[in-house]
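I have placed the structure first, in the form of structure tokens, so that the comments after it can refer back to it.
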């Protein structure tokens, strides 16, 4: 009985073991069936299939088995599945490109086998890069202002033509006025008028400020001919629109026509301004004097008439008025002697009329306190004042700018032709400075720099001006000393020009590229030019065409063929593009040598001249070929190498912030120092036997 019981228990145990084994086998068969079903799923659900495989394998403890059978499974996929014809015909395949498949517990893994839908891509783009709302008009205006303040004209225009167009924003008149004003200040005249045309096409209202900016664009035009054409066209538009210009519009018109050389129209506009009884101010007369400065033949005479007309209207000169007068003294003449005498008689007669009408100086015009200018000379005596008086005891300094102008006692108008001689008609350096003091106008270093160009070419006059700079307490910059070097170099005082370099070091200033440019005027040989180039290289200053032009001028003056050939080679090596002055110097030197050879001059028969001239001609041909101007006339060559003034507004900026950095450097104010350390009394003095070689000076100035 006991044996039967034990036998039954053994059978039950064997049955339970067998049942458990069968259950495990069924589970495995079930998993295998699920694998076969997942293998036949379409491609977009491969990610889900892979996820289910990993989860089921992990739960069933078959993770290692799945990885081991992966290669066998991939090989089986390549064979056709005959039991599933519908799926095999659709060409559904399974890919296991991701070797790092693991359980995506947190959902961070990207599904490797899923193909992205076009709608999903569009939705993702919309959510990640939402469409920016259009800015307000004031925001665009602020952006344009920021570009204009940094002189980035092209970027400011791009805000209107690119950004606002892309954002479908509608510009208003304020946007156009900002851009027109910015283009006018930069001299981009053509673009300013293009914007004006688009502004009218949009039906926007054109106000007085727009016309003022457009006339300023004409005044700053790179071509005076184009500036006058656009100014006349704009006046016609104003007449067609029945627009009545205001005082600011008239000032802008006078400025535009005056700077472009149409002096007659500028004065007609001033008369029209007075006829309409619009307010006159000193700016109107300043613009009229700018018109005088553009007339190189009669500008000085017009300047004197305008100066006294300003006093007749009870206006006082300012800083700009005195600076413009100095420009007329430097650049302009007074024409023929007979007409100048009539102008002086007219000025004296007008002053006499003011005095006879009992208009005292305190009520109308502030007079100078000097006793030498307190007497008004009668018109009968004016014609006799042109003659030279030899009596030194009766010497009186002339001054035609005082409220009671006079010619003094030692002036001959027939001999007045140079700037320092015209300055003597205005009282000289001392008289001009006293006149500024009388009207409470303090000169700055720009005024004294211009005065340096018109004072007599002597050490005494230069010392006197330096004394004024020290007495007033002004700080001198490097431009002041550059003009001093140029002034001495132009009178062939090259040793005195080099002395200025010690003055620059004493004042604590650093030479710039203009300093080396004026020093190049004194390089008469190739040895001196090499020394200058070495100094420039040590100071990190690159050669430019202006410095080479100054050296070429000296080489052509001395007929130094090796020097000229070396200059041409430097231009080729440094890839420096010539300008019109450089080509003119080359052409004139070549023509002068040809004329000397045709005239059979004795100097052309020497062996050194023949060898040097042959080498120069060969080098000149090579230079013209390298520049692409071989066989062209001088005028055509200049047109080809000359850059268009509007190119700077169209060129693409290089990558980086270089344009902005260059603007910041150019905007940075130049260093200015006091010159108290310069011992003026120890500077070079004029020799007793000063000889002025007029012919040589005239040839150098030409």
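Residues in region 533-544 that are assigned to a helix (DSSP H, G or I) and either in contact with a helix residue (DSSP H, G or I) (Cβ under 6 Å, 6 or more places away or on another chain) or in contact (Cβ under 8 Å) with a residue 40 or more places away in the chain (or both): 536 alone.
When region 496-532 is filtered for residues that are in contact (Cβ under 8 Å) with a residue 40 or more places away in the chain and part of a helix (DSSP H, G or I), the ones remaining, listed by number, are 496, 499, 503, 506, 507, 526. Mind telling me which of the residues 431, 473 ends up being in contact with a strand residue (DSSP E or B) (Cβ under 6 Å, 6 or more places away or on another chain) and farther than 14 Å from residue 683 by Cα? Answer to the check: 431. Right, residue 528: within 15 Å of residue 553 (Cβ to Cβ) and either at pLDDT 90 or above or not assigned by TED's automatic domain parsing to the domain that holds residue 543 (or both) or not? For residue 528, the condition - within 15 Å of residue 553 (Cβ to Cβ) and either at pLDDT 90 or above or not assigned by TED's automatic domain parsing to the domain that holds residue 543 (or both) - is met. Residues that are farther than 26 Å from residue 612 by Cα, touching a residue at least 12 places away in the same chain (Cβ under 8 Å) and part of a strand (DSSP E or B) occur at least once in region 474-488.
This table checks each residue for (1) without any contact (Cβ under 8 Å) to a residue 12 or more places away in the chain; (2) surrounded by 15 or more Cβ atoms within 10 Å (Cβ to Cβ); (3) assigned to a loop (DSSP other than H, G, I, E, B).
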site	(1), (2), (3)
576	no, yes, yes
583	no, yes, no
588	no, no, no
591	yes, no, no
595	yes, no, no
600	yes, no, yes
610	yes, no, no
615	no, no, no
620	no, yes, no
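Being farther than 30 Å from residue 261 by Cβ, modelled with pLDDT of 95 or more and more than 17 Å from the chain's Cα centre (by Cα) holds for only one residue in 175, 138, 228, and it is 175. Take the conditions (1) more than 27 Å from residue 282 (Cβ to Cβ); (2) surrounded by 16 or more Cβ atoms within 10 Å (Cβ to Cβ); residue 242 misses just one of them, which is (2). Being closer than 17 Å to residue 226 by Cβ and at pLDDT 95 or above is the requirement here; does residue 192 meet it? In short, yes. A single member of 568, 548 is closer than 22 Å to residue 593 by Cα and in contact (Cβ under 8 Å) with a residue 40 or more places away in the chain, and it is 568. Look at (1) modelled with pLDDT under 90; (2) under 37 Å from the mean Cα position of the chain (by Cα) and you find that residue 601 fails only one, number (2).
The values are calculated or read from the model by the stated rules, or taken from the named source; none is laboratory data. Values in this document were obtained by computation on a predicted structure and should not be read as measured data. Cβ atoms come from the backbone with ideal geometry, glycine included; neighbour counts cover every protein chain shown.
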